[in-house]
Each structure stands twice: as C-alpha cells, then as structure tokens.
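Structure first, commentary second.
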Amino acid sequence: MSTGIVGVYSFELFLPESRSLKDKRMVVRSVKAQLQNRVACSIAEVDHHDVWQRTRLTLACVGRETRDVAGLIDDAERWLLGNGYEPLAVQRDVTTLDDR
C-alpha cells in the first residue's frame, strides 16, 4: 500500500521592480497566496530574505499518483510563467515515502 506521492518544487525569482524589502515582501506574499490557492500546496520563502530583488521559494504538494503531483508542479510553473515570472535555479522532485 502506497503512502502517497510528495512533490517539491524549489525556484528562485528575480524581482527587478522591487526597490525595497517592503516591495519584495508584497510580491512574495502575492505569489505565495496565488500558488497556494491554485495548486493547493504549502509554500515558503526559504532563502535571500534580506535581498531586495531576489527570492527562493519552495512549494510542496501531495497526491495519490505521480502524474497528479507532477501536474500540480507543472501548473505552478505555468502560472509563474503566465504572470511574467521566470523561475531560475529550478529544482523538482517527486518521490514517495516508500522510496526512503
């Protein structure tokens, strides 16, 4: 019996319009909220906290099958690209707890 599939998508964003940490935090908060609503994932800023124009976000999602989780990650990436964000330094991983 499978324990489920876990997907992790980590990416950096360059935010050239940000002129302060306040500007950056507004963008990051919006991106996180949109992805949480669209992909039903958990997401956090994990690096570059004190840099104005750069952030690293990591999201995690869970599903019953690999294709479902891969589809959620694809949806997140499509949303980013469709809204003018170009994910950099992308890392994707889909695994099960059974793989450990």
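Condition test on ASP47, is it among the acidic types (Asp, Glu), out of contact with any Lys or Arg (no Cβ under 6 Å at 6 or more places or on another chain) and surrounded by 13 or more Cβ atoms within 10 Å (Cβ to Cβ)? Considered against the rule, which asks whether it is among the acidic types (Asp, Glu), out of contact with any Lys or Arg (no Cβ under 6 Å at 6 or more places or on another chain) and surrounded by 13 or more Cβ atoms within 10 Å (Cβ to Cβ), ASP47 comes out as no.
So if I check each of LYS24, LYS32, which one is buried (at least 17 other Cβ atoms within 10 Å of the Cβ), under 10 Å from the mean Cα position of the chain (by Cα) and farther than 19 Å from THR95 by Cα?
Numbers: LYS24 fails: under 10 Å from the mean Cα position of the chain (by Cα).
Residue meeting the stated conditions: LYS32.
Total residues in the stretch 91-100 satisfying the condition of being at pLDDT 95 or above and either in contact with a Phe, Trp or Tyr (Cβ under 6 Å, 6 or more places away or on another chain) or surrounded by fewer than 11 Cβ atoms within 10 Å (Cβ to Cβ) (or both): the figure is 1. TRP79 meets the conditions (1) under 11 Å from the mean Cα position of the chain (by Cα); (2) under 23 Å from LYS22 (Cβ atoms) in every case but one. The failed one is (2).
The values are calculated or read from the model by the stated rules, or taken from the named source; none is laboratory data. The structure presented is a predicted model; accordingly, all values stated were derived computationally and were not measured. Neighbour counts run over all protein chains shown; Cβ positions are idealised from the backbone, glycine included.
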